[in-house]
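A short worksheet on the structure shown next.
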């Protein structure tokens, strides 16, 4: 036997239809220069509010959206409003659980603190890749190490 769904919950949610600000105030034309009216159709982050929130019908929503876009283009309304949060002192970090301030990171072996990577020393570039800032094989001779420099003993052989 199939269960019948109760629609009382849905009807209770939609019991009262929201009336539009435009109809209650008797606005016939949505003017893009009327910033105070247009701000009532925007969220605190400057997004256009949905029809179900404002109570506009489809035609009113199109007119409001077009007016907001025109006002934004003319720099009367912002595209985005950033909300900044006030942050407290960084001493209390309760969201990290038992890790605390990440002080003990375990044994790193011979890698050090990973902050000082150092230069590559005399090892040359990693693998067979050429360094990005130096010319490749087309730019001249390529040495044995692959760094563009010809070692002194190889240069002596070329002269012979």
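The values are calculated or read from the model by the stated rules, or taken from the named source; none is laboratory data. It should be emphasised that the depicted structure is a prediction, and the values quoted were computed from it without experimental measurement. Virtual Cβ from ideal backbone geometry, glycine too; neighbours counted across all protein chains shown.
Details
- Of all residues in region 35-67, those that are in a loop (DSSP other than H, G, I, E, B) and in contact with a helix residue (DSSP H, G or I) (Cβ under 8 Å, 6 or more places away or on another chain) total 5.
- Criterion violated by residue 70 - all others in (1) in a helix (DSSP H, G or I); (2) modelled with pLDDT of 95 or more; (3) in contact with a helix residue (DSSP H, G or I) (Cβ under 6 Å, 6 or more places away or on another chain) satisfied: (3)
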